[in-house]
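The values are calculated or read from the model by the stated rules, or taken from the named source; none is laboratory data. Every value quoted in this text rests on a predicted model; they were computed, and no experiment measured them. Neighbour counts run over all protein chains shown; Cβ positions are idealised from the backbone, glycine included. Areas reflect the complete protein model, heavy atoms only, side chains present, ligands, DNA and RNA absent. Shrake-Rupley method; radii C 1.70, N 1.55, O 1.52, S 1.80 Å.
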Number of protein chains: 2
Amino acid sequence: MSLFTRKRSESVASLGETALITDIRRWLGSAAPESPHGMGDDCAQLPISFEQQLITVDPVVYGRHFDDEIAPRHVGAKLLKRNLSDIAAMGGQPTAAVIALTLDPLTKLAWLEAFYRGLAACARKYQVKIVGGDIAQAHNHFSASLTLLGRAITKRVLTRQGARIGDSLYVTGRLGGSLNSGHHYRFKPRLDEGAWLAQQHEVLAMMDLSDGLGKDLRSITPDDARAQLDQNALPLNKGCDVRAALSDGEDYELLFAVSGRTKHETFLSKWRQQFPRVTLSRIGELVSAHEVKDSSLNLECYFGYEHLR
Amino acid sequence: MSLFTRKRSESVASLGETALITDIRRWLGSAAPESPHGMGDDCAQLPISFEQQLITVDPVVYGRHFDDEIAPRHVGAKLLKRNLSDIAAMGGQPTAAVIALTLDPLTKLAWLEAFYRGLAACARKYQVKIVGGDIAQAHNHFSASLTLLGRAITKRVLTRQGARIGDSLYVTGRLGGSLNSGHHYRFKPRLDEGAWLAQQHEVLAMMDLSDGLGKDLRSITPDDARAQLDQNALPLNKGCDVRAALSDGEDYELLFAVSGRTKHETFLSKWRQQFPRVTLSRIGELVSAHEVKDSSLNLECYFGYEHLR
């Protein structure tokens, strides 16, 4: 479905803001609690939480994260799932979200309804409450930014810091080709896997893969270390080569470091008991700079997705 | 300063995302805490809070909320202050924020630096920590959405609900002409006033004025009541008439309802002790529908700012 229309009668401009907000609340249904814990006031009030809280923000922008080929219900779900993947990467559980919409008044009303219904279905599935939002006008543009709150369900929150020389590097699932395969909107955020990994003491650092392993690996690699990857161990999606796995981005898989003292077979067997259907690959290890083997992948040749270039 | 440039060397594209994020953290300075309580990971971790939390989101969009005439440092401050005004309206205290930026790669780097430095100065002034963000690309567009968290510092959080027939209606400050006077970015969010009002038991409902009194009043008026305004009591800004006060919007003043049992003189004297320099006006009262006097303002003639029309 195309996002914009030339017919005012089919567009959000035919409603105006006040009526549109009423419709949005209807489309969101049970995903949107009543005021004061939801929309309808200057702020939403959040239930008191006695756990460590997490916060993240990610948008979907027309022409960047989706186009007219992607069904609007998938776009709505993708907006939430991009953020869920960030919560998963810290081992957290999502709780509440707010959405800032910036759109052209000629945005098609039917498109927006499907977008919100897709978002709501996804929010119900992952028990996220949509508690607030804002709508602003722009010309020939559609973007939606979602801020997601979560809570840490383990005492320890896994971050990108904490990996050391000697650690093994692991990724969940398979990599590459996300844009062509539709994985970039069909993916399932690794919330269960992230929460379980945060409870395993041998897991020392974790992040989600959004810009491509080649770029993202740098964030988890300590300054004094190098990531030495085993090219043959990379879990490639069908039709993908190593370059695709390292550079395509939008994999939304988990990358994590496991203590070098842990045997691969032991860890893999624990994993398989928990997640028998999810591929887990030991893709390499962290070594000191002078230890890098000539035969290993030179990661400096793979940049991943660099925005604004 | 103009927002966009034709010279790539002057634009954010000359840096790319990774270097830009490094610069943004430098521009934000002490307003941006280190990871894990700030930028640099998949999520930011928030300090555990044992108080009721508040959340709100508001953007600034180029061409809607600002143009090339407004200095970028004022745009950055406005982005935060719009949200601070929402926290003020619930009697809360702001704590932490995340920002989603959507911009054209030809956005001028000097403009963006001034924007972030203005935002940071404002964040330091109001003790808000900028804990995370996202940058996405769009064509011929600049918008920034800020999600602000706050905490309730009183046991009671004031909402738009709670006003009753017989209550008096009050506004802080003066109304109208915000766009021409520059008040729309120069205003001071009423945080102290909001926090104090939330502690006064006779104050029953509160909100901030963003779309104009004529429209916003409807949100605080119960279904069975009508707002009967005294035209002569409206606090007009210089050069403004009643229509401007009701319809211009972006006043960012507080509108609240005080129990009809409270004498105006008593309340005004309490107020003046606290806020001797801030004008307070009793602009009318809530009456039942059949009580409306013919001489009172017919609010149905004043619409305030309706977005997306």
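In table form, for the structure just shown:
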{"quantity": "Reduction of at least 40 Å² in accessible surface, 1.4 Å probe, comparing all protein chains with the chain by itself, residues of region A:37-68", "calculated": "A:Asp41, A:Asp42, A:Cys43, A:Gln45, A:Leu46, A:Ile48, A:Phe50, A:Gln52, A:Gln53, A:Ile55, A:Val57, A:Arg64"}
{"quantity": "Average accessible area per residue (Å²) across region B:168-300 - probe 1.4 Å, nucleic acids and ligands excluded", "calculated": "47"}
{"quantity": "Cα centre as origin, Lys/Arg/Asp/Glu Cβ charges: chain B dipole, Debye", "calculated": "820"}
{"quantity": "Length-normalised contact order for region A:1-108 - Cα pairs under 8 Å, 6+ apart - percent", "calculated": "47"}
{"quantity": "Under the span-like rule (Cα at least 30 Å along the axis, Kyte-Doolittle mean at least 1.0), DSSP H helices of chain A", "calculated": "none"}
{"quantity": "Virtual spin-label span in nm between B:Ile153 and B:Ala71, 7 Å along Cα→Cβ", "calculated": "2.8"}
{"quantity": "A:Arg261-B:Arg243 pseudo-label distance in nm [points 7 Å out on the Cα-to-Cβ vector]", "calculated": "7.8"}
{"quantity": "Per principal axis, descending, Cα span of region B:8-152 in whole Å", "calculated": "48, 31, 23"}
{"quantity": "Relative contact order computed over chain B (Cα-Cα under 8 Å; 6+ residues apart), in percent", "calculated": "21"}
{"quantity": "Mean separation of Cα contacts under 8 Å (6+ apart) over length of region B:209-254, as relative contact order %", "calculated": "65"}
{"quantity": "Accessible area expressed per residue, region A:8-152, with surrounding protein chains retained (probe 1.4 Å, Å²)", "calculated": "32"}
{"quantity": "DSSP beta bridge pairing in chain A, given as percent antiparallel to the nearest 5", "calculated": "80"}
{"quantity": "Calculated label separations, A:Asn298, copies of the chain, 7 Å along the beta-carbon direction, nm", "calculated": "8.0"}
{"quantity": "Out-of-range pairs (alpha-carbon distance over 20 Å; input A:Lys81/A:Lys270; A:Lys78/B:Lys108; B:Lys7/B:Lys108; B:Lys125/B:Lys188; A:Lys81/A:Lys125)", "calculated": "A:Lys81/A:Lys270; A:Lys78/B:Lys108"}
{"quantity": "For region A:8-152, share of DSSP beta bridges that run antiparallel, in % to the nearest 5", "calculated": "70"}
{"quantity": "Share of carbon and sulfur in the accessible heavy-atom surface of region B:168-300 [1.4 Å probe, %]", "calculated": "42"}
{"quantity": "Pairwise FRET efficiency - B:Leu179 versus B:Arg282, Cβ, R0 = 25 Å, nearest 0.05", "calculated": "0.40"}
{"quantity": "Chains B and A together, accessible area buried on both sides, 1.4 angstrom probe, square angstrom", "calculated": "5500"}
{"quantity": "Theoretical FRET efficiency, 1/(1+(r/R0)^6), r = Cβ-Cβ of B:Leu236 and A:Asp223, R0 45 Å, to 0.05", "calculated": "0.15"}
{"quantity": "About the Cα centre, charge dipole magnitude for region B:168-300 (Lys/Arg +1, Asp/Glu -1 at Cβ), debye", "calculated": "520"}
{"quantity": "Residue list for region A:47-90, given a label point 7 angstrom along the Cα-to-Cβ vector of A:Asp23 and an amide N cut-off under 20 Å", "calculated": "A:62, A:68, A:71-77"}
{"quantity": "Ellipticity estimate at 222 nm from DSSP helix runs (n ≥ 4, -39,500 (n - 2.57)) divided over chain B, nearest 500", "calculated": "-8500 deg cm²/dmol"}
{"quantity": "For region A:208-271 versus region B:36-79, the gap between their alpha-carbon centres in whole angstrom", "calculated": "33"}
{"quantity": "Segment A:Asn298-A:Asp192, length gained on full extension (0.36 nm per residue, minus Cα span)", "calculated": "34.9 nm"}
{"quantity": "DSSP beta bridges in region A:168-290 [antiparallel fraction, %, rounded to 5]", "calculated": "95"}
{"quantity": "Cut-off under 5 Å, modelled amide H: who pairs with B:Ile130 long-range", "calculated": "B:Ala32, B:Ala97"}
{"quantity": "Options A:Ala123, A:Thr172, A:Ala97, ranked by Cα towards positive dipole end of region A:93-196, top entry (Cβ charges)", "calculated": "A:Thr172"}
{"quantity": "Kirkwood hydrodynamic radius of chain B, Cα pairs, Å", "calculated": "20.6"}
{"quantity": "Longest to shortest principal axis, alpha-carbon extents of region A:169-269, angstrom", "calculated": "38, 30, 24"}
{"quantity": "For the protein assembly as shown, convex hull of alpha carbons as volume per residue, Å³", "calculated": "152"}
{"quantity": "Within a Gaussian network of chain B (alpha carbon springs, distance under 10 Å), most fluctuating of B:Arg186, B:Arg117, B:Arg82", "calculated": "B:Arg186"}
{"quantity": "Debye, to nearest 20: dipole size of region A:8-152, +1 on Lys, Arg Cβ, -1 on Asp, Glu Cβ", "calculated": "460"}
